[in-house]
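Visitor: Take this structure first; my questions come after.
The values are calculated or read from the model by the stated rules, or taken from the named source; none is laboratory data. Quick caveat: nothing in here was measured; it's all calculated off a predicted structure. Note: ideal-geometry Cβ built from the backbone for every residue, glycine included; neighbour counts use all protein chains shown.
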Amino acid sequence: MIRRSRSLARLALAAALAVTATAAGAQDVLIRGARVHTVSPAGTLEKADVLVRGGIIRAVGGNVEAPAGVPVVDAGGLPLTPALFGGLSGLGVEEVSGEPATVDHALALNGPMTVPAIEPDWRPEFDLVPAYNPRSAAIGVNRVAGIGWTMLAPGTVPGGSFVAGQGAVVRLDGSFDAALEASRSLFIDLGSDAKGLAGGSRAAQYMLLEQALRESRPVPAAGMVAMVPGHGLLTPTGRDVMMRYTRGGRVVFHVDRAADIRQTLALAQRLGFQPVIAGGAEAWVVAGELARARVPVLVDALDNLPSNFDSLGARLDNAARLHAAGVAVGFTQRGDATHNARKVRQLAGNAVANGLPWDAGLAGLTRVPAEAFGVADQLGSIEEGKRADLVLWSGDPLEVTSVARQVWFDGKAIPMRSRQTQLRDRYLKAAGPLPRAYTQ
């Protein structure tokens, strides 16, 4: 933990940040004297410097010389990390969960206004990226808490399919073109929570997956009857999408039960796609198989009691056991993962408290998801050539009492304001002659 006694260093930091924020271009900066958690083979560097030119990290180490005109931020020994992964979320596609007009994260075609007899049931071509709104207030709230990127994850709803659709990594830098194409993934929900979308049986989920995969083959299998309206699961576009993912594409499976995880691994091996397990409450049971298959797992480290019969084996040391077996472990939340994406740090901290090494906890918020989603060439570590998406912390980034002092995207310091801070400043008036309870 960084001691609170470093008040002078913090004052100096605040002054330096003010200079940086007004610098021309604001994409060149030298962050000096930080405790740099590189999340790379270089490990943690004490009193190190990070030089950013043109939004790209150009140098990491001690005594880096500041080029002429490049503003310098004195970090005062505070921790510096890559911008954190916000888990699988609906940031930018879900504004107010209770207001349907602001929610775009799921597709239901079999509602009262559709005609199921002529409408294919599955739409894997459903893609969240076009609905992404970088101006969402929920993004700002999480961004100032150190969350720099997230994976847009489609959900399942009644009238939809357990093949939820596609998502991609988006950087929360406020740009309209924030999606990283290399991260595009297909999402499939398996297990008891989604079996109602497959006739009430998880066995039917695998049956329907087999049918969809057969439909997506470029040449129909011998003896296969041509699909006619009302009998096929996929549209022509859907067949193209499914075929793309069965040729080495990435598929994220929301699955908890150990038996279902094993079925997922077998399916991936047979078809050749890249699986990522999300949830994985019982993943520790099959940790050896996951490690041999080199399949990453995104867990909620607060899963300590079964929420359903698929997670009877949930335990707090799930992440630690997976890591010890050689599994790459990242973090994502269940429940309100969109508006509270910033709480993902708490998951990593609890995993560390239950046996996961600290470095692995930070990697689960940075490098591991970046590698899992194919964006490690840009994000997830502090190394030369990477984007300068960085966070300077008041203390241990896995400690809930620590806060983000400054966030940079492409080397540009963002204003550390959100709708929440603006409302606070507007309505939290200075105390008058009477206690606050008596003020208007």
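Visitor: Exactly one condition in (1) touching a helix residue (DSSP H, G or I) at 6+ places or on another chain (Cβ under 6 Å); (2) more than 15 Å from Leu128 (Cα to Cα); (3) surrounded by fewer than 24 Cβ atoms within 10 Å (Cβ to Cβ) is not met by Asp193; state its number.
Guide: (1)
Visitor: Would you point out the residue of segment 239-261, among those that are of a type outside the set (Phe, Trp, Tyr) and touching a Phe, Trp or Tyr at 6+ places or on another chain (Cβ under 6 Å), that is surrounded by the most Cβ atoms within 10 Å (Cβ to Cβ)?
Guide: Filtering segment 239-261 for residues that are of a type outside the set (Phe, Trp, Tyr) and touching a Phe, Trp or Tyr at 6+ places or on another chain (Cβ under 6 Å), the one surrounded by the most Cβ atoms within 10 Å (Cβ to Cβ) comes out as Val252.
Visitor: Kindly provide the set of residues from segment 309-335 that are within 11 Å of Ala351 (Cα to Cα) and surrounded by fewer than 21 Cβ atoms within 10 Å (Cβ to Cβ), ordered by number.
Guide: Passing the criteria: Arg315, Leu316, Asp317, Arg321.
Visitor: Filter segment 38-81 down to the residues that are within 19 Å of Lys412 (Cα to Cα) and touching a His at 6+ places or on another chain (Cβ under 8 Å) and list them by number.
Guide: Of everything in segment 38-81, those that are within 19 Å of Lys412 (Cα to Cα) and touching a His at 6+ places or on another chain (Cβ under 8 Å) turn out to be Pro79, Leu80, Thr81.
Visitor: Evaluate the following for Thr338: is it surrounded by 21 or more Cβ atoms within 10 Å (Cβ to Cβ), within 16 Å of Pro397 (Cβ to Cβ) and under 13 Å from the mean Cα position of the chain (by Cα)?
Guide: Answer is no for this residue.
Visitor: Within segment 88-124, how many residues are at pLDDT 95 or above and either outside the structural domain of Gln211 (by TED's automatic domain parsing) or farther than 24 Å from Gly335 by Cα (or both)?
Guide: 0
Visitor: Restricting to segment 127-143, what's the tally of residues that are surrounded by fewer than 21 Cβ atoms within 10 Å (Cβ to Cβ) and under 16 Å from the mean Cα position of the chain (by Cα)?
Guide: 3
Visitor: Right, another one. Would it be correct to say that Leu45 is outside the structural domain of Asp300 (by TED's automatic domain parsing) and in contact with a strand residue (DSSP E or B) (Cβ under 6 Å, 6 or more places away or on another chain)?
Guide: It is true that Leu45 is outside the structural domain of Asp300 (by TED's automatic domain parsing) and in contact with a strand residue (DSSP E or B) (Cβ under 6 Å, 6 or more places away or on another chain).
Visitor: Could you tell me whether any residue of segment 323-342 is farther than 16 Å from Gly364 by Cα and either touching a Phe, Trp or Tyr at 6+ places or on another chain (Cβ under 8 Å) or at pLDDT 95 or above (or both)?
Guide: no
Visitor: Can you name the condition, by its number, that Glu210 falls short on among (1) modelled with pLDDT of 95 or more; (2) not in a strand (DSSP E or B)?
Guide: Here Glu210 clears every test but (1).
Visitor: Out of curiosity, is Leu30 closer than 16 Å to Ile414 by Cα, modelled with pLDDT of 95 or more and either within 26 Å of the chain's Cα centre (by Cα) or assigned to a strand (DSSP E or B) (or both)?
Guide: In short, yes.
The rows are residues; the columns are (1) acidic (Asp, Glu); (2) modelled with pLDDT under 95; (3) surrounded by 13 or more Cβ atoms within 10 Å (Cβ to Cβ); (4) touching a Gly at 6+ places or on another chain (Cβ under 9 Å).
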site: Ala370; (1), (2), (3), (4): no, no, yes, yes
site: Asp377; (1), (2), (3), (4): yes, no, yes, yes
site: Ile382; (1), (2), (3), (4): no, no, yes, no
site: Gly385; (1), (2), (3), (4): no, no, no, no
site: Gly395; (1), (2), (3), (4): no, no, yes, no
site: Leu398; (1), (2), (3), (4): no, no, yes, yes
site: Ser402; (1), (2), (3), (4): no, no, yes, yes
site: Arg424; (1), (2), (3), (4): no, yes, no, no
site: Ala431; (1), (2), (3), (4): no, yes, no, no
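Visitor: A follow-up question, please. Among the residues of segment 261-282, write down those that are of a type in the set (Lys, Arg) and either outside any helix (DSSP H, G or I) or touching an Asp or Glu at 6+ places or on another chain (Cβ under 7 Å) (or both).
Guide: Arg262
Visitor: Taking the residues in segment 145-167 that are over 11 Å from the mean Cα position of the chain (by Cα) and among the polar types (S, T, N, Q) as candidates, determine which candidate is farthest from Leu379 (Cα to Cα).
Guide: Per the stated criteria, the residue is Ser161.
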